[in-house]
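Colleague: Just dropping this structure here.
What follows is calculated from the coordinates using simple rules that are stated; it is not laboratory data. Bear in mind that the values here come from a model prediction, so they are computed numbers and not experimental data. All Cβ positions, glycine included, derive from the backbone under ideal geometry; neighbour counts span all protein chains shown.
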Amino acid sequence: MSILKRTDGGVWLTAKGPVTEGQGLPSAEEGRKRTMSYGILRGHNTDKGDGLLHVRFDSLISHDITYVGIIQTAMASGMTAFPVPYVMTNCHNSLCAVGGTINADDHAFGLSAAKKFGGIFVPPNQAVIHEYAREMMAGCGRMILGSDSHTRYGALGTMGVGEGGPEIVKQLLSDTYDVPAPGTVLVWVTGTPRRGVGPHDAAIALCGATYKDGFVKNRILEFAGPGVAGLSMDYRIGIDVMTTETAALSSIWVTDSRTEEYFARHGRPEAYKAIAPGEGAYYDRMIHLDLDALEPMAALPFHPSEAVTLRELIADPGDHLRETEKRALKQLGVELKLTDKLVGNKLMIDQGIIAGCAGGMFDNIAEAAAILRSGEIGSGSFGLSVYPPSTPVQLELERCGISGELLAAGAVLKPCFCGPCFGAGDVPVCNGLSIRHTTRNFPNREGSRPSDGQSAGVILMDARSIAATASRGGVLTSAMDIDYAPPAAYERRFDPAPYEKRVYFGYGKADASAALRFGPNIVPWPEIPDCAENLLVKLCSVLEDEVTTTDELIPSGETSSYRSNPLKLADFALSRRDPAYVGLSKAAQAWERARAAGKAPEELREIMASLGLPADTLADTRFGSAIFARKPGDGSAREQAASCQRILGGCANICYEFATKRYRSNCVNWGIAPFTISREQGVTWQVGDYLYVPGLKEKLLKMETAIPAKLLSGGVVRDVTLSLEGLGEEERDILLAGCLMNWYKQGKGTKA
């Protein structure tokens, strides 16, 4: 794609721009110290002399799908007060009505926890998690850790990292985030976007060019170049938040007068400082983003990296839709008839959504309103919903008259809510096709349930082209093909009154005497056993997709109401991807309980005999379930993708590689062995296989990375070698303890 050009190899940034060679350049080692990320990471590092970064964050943030479990875990681990500002937003379960009083009970718990431990509580519909962080928490040179994968504030000079809940727990216990020093990738921005081209177009192009081959995986993206200065803050933010979908670890942008004005407008001028790479900064790789060449884009189902130009899709929709139908059959096992949306040579869309931390920005909504003046949505089946990201932005839209324009055009304005991003709001019709300026279009993210014959597709597009499509009654249309007057140059304001009057600001005011408010669905974590001498697992699910998302491991949407009840939530594990998994895992768990009670089932004894092992080996062998997936863990940071397996007796994940660091970390923190295996061993995995890992505890103690094991498949035993490559000493100790919670109970780590 000509919009993006990649350089795979060392790049130095000089006053004249990026170069790959030349006189007077520093060494790569010295040049790395001149990057923006180096200074920020080292400024937050607690050096322990082991070569890893041990980072303490300035603040933390979670939403109502994750904060109850995080606080429960931290309490069980010895936390008495929040040591840094911890924000709890209520933007995921605020409209989801499943489960009776469950959602409101969680919110009541969150407010009581903020009072008891000294937190910041943002009530439902006041702000989505990441917009609140931008408006109230970000600052140049700061670091924020969030239990949501789209924790990205690089456009504001803030390094945001999205991880699973256990990493938040560590920070709440004054412990550290431990990671090898990440590589850096320069995103060199030039040119100026044309009218009708928005930030999601750049983001989709970036995902399409980098995700599939892991070009930026677990690295930090640094945005610089002459093109940055011409971008509004909303535009930069819209690109930045989507860097999660490239599999990058984090991001950071140069800051300038626009960044300074943003903080001043939000009443926090002290949060600004100039940040830029030093002369001769060295990068492992580079991406050249040419905004002059950028055009409207579309990400086809079922991933933001399925990028095509909107021009190509409109010109030849049939071929693209047929390829999508093939993906649906392969990934979901359903026949999704998107080609039914073709009327003549026009592609008819059922629904448009502009929402959340990516789409709901002021500039996007103002541009959409301007485009809608050129046509009308009409009274057909197509509908358009718009979700502002915070009440201050909502106030600004009303003050500028933009809300009225949208309503007059037939759009529906809705509260601040993340639901359309994970299937809890604006679910399309079965076999529907929705266009969305949201972060993801993974299978099931829009709310479909293939196991019940309910399926739909989502195409990610920028708000501008969504509005253009709306103005044509649902006929897929590029914003570049609409003749419209751009929105007025509004004098932007920020009114903090909604926050001042509704948000509970309790940091530094912990009240140990305050009572926590528990609802009947808020249930503590069950006891988790420590590591046994030997491990025997039964393969209870085998997932052969090239990538398995966390949404497939634990679905979003209707399950979100059970996030505070680990036992009930576990029943949803893999429910949309492999409905047999829960039953098989529970059966294996029943065998383990019998074994631990000294009453091992005869079937278990027969398996040991088939492996050539004496029956008394069972006394030192834990039995559990495991899954195999080629590349698991893409997508959400939600820890439940791992904890649900553990609740069901899961002891191991086996894969060729982990899609993200955060999912692997979640597995470790919940005591699930993160085994990888080379493709070269040629193992064909089957549900019902048994894998025996002798001496696992001893090998962990010795920090061995090559783990010999025996695979029993179809009555045949063969030797295989698993790997724990990259396992750190602290991770080893957590696995030995059984989980992070146990590790703290044993007096390990640092407690607040």
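Colleague: Measuring from label point to label point, each 7 Å out along Cα→Cβ, what is the Asp530 to Gln746 span in nm?
Modeller: 0.5 nm
Colleague: Could you list Arg265, Arg236 so that the one with the fewest beta carbons within 10 Å of its beta carbon is first and the one with the most is last?
Modeller: On the way: Arg265 15, Arg236 23.
The most exposed by this proxy come first: Arg265, Arg236.
Colleague: I would also like to ask the following. Can you list the aspartates and glutamates whose alpha carbon sits under 19 Å from that of Lys337, skipping same-chain ones fewer than 8 residues off?
Modeller: Counting by Cα, and skipping residues close in sequence, Lys337 has these aspartates and glutamates nearby: Glu306, Asp316, Asp319, Glu323, Glu325, Asp350, Glu446, Asp452.
Colleague: Relative contact order (percent) for the range 547-616, with alpha-carbon contacts under 8 angstrom and 6 or more residues of separation?
Modeller: 19 percent
Colleague: Taking Lys330 as the anchor, which lysines have their alpha carbon closer than 27 Å to its alpha carbon, excluding any fewer than eight residues away along the same chain?
Modeller: Output for Lys330: Lys212, Lys217, Lys341, Lys346, Lys538, Lys631, Lys661.
Colleague: Out of these labelled values of Cα extents along the principal axes in Å, (i) 85, 70, 53; (ii) 113, 69, 66; (iii) 80, 62, 57, which was calculated from the coordinates shown here?
Modeller: (iii)
Colleague: What shape does the range 57-175 take by its C-alpha gyration tensor, where a ≥ b ≥ c are the square roots of the eigenvalues and a/c under 1.5 counts as rounded, a/b above b/c as prolate, and the rest as oblate?
Modeller: oblate
Colleague: I would also like to ask the following. Rounded to the nearest 0.05, what FRET efficiency is calculated for Glu725 and Ser381 with R0 set to 56 Å and r the Cβ-Cβ distance? Provide the component values of the computation, followed by the final result.
Modeller: Working: r = 52 Å, r/R0 = 0.93.
The formula returns an efficiency of 0.60 here.
Colleague: Same structure, new question: Test of understanding: ordering Ser451, Ser59 by Cβ neighbours within 10 Å, fewest first, what list do you get? Present the calculation step by step, with values, prior to reporting the outcome.
Modeller: Values: Ser451 16, Ser59 23.
The order, fewest Cβ neighbours first, is Ser451, Ser59.
Colleague: With +1 on the Cβ of every Lys and Arg and -1 on the Cβ of every Asp and Glu, and nothing else charged, how large is the dipole of the range 57-175 about its Cα centre, in debye rounded to the nearest 20?
Modeller: Working: 6 positive and 10 negative charges, 40 e Å.
Dipole size: approximately 200 debye.
Colleague: What is the Cα centroid distance between the range 588-615 and the range 391-461, reported in whole angstrom?
Modeller: So the separation of the two Cα centres works out to 50 Å.
Colleague: What distance in nm lies between label points placed 7 Å from Cα along the C-beta direction at Asp483 and Ser232?
Modeller: Here the modelled spin labels are 2.4 nm apart.
Colleague: How large is the helix-only mean residue ellipticity at 222 nm for the chain, computed as the sum of -39500 (n - 2.57) over DSSP H runs with n ≥ 4, divided by its residue count, in deg cm²/dmol to the nearest 500?
Modeller: On the way: 26 runs with 220 residues, N = 752.
Calculated at 222 nm, the ellipticity per residue is -8000 deg cm²/dmol.
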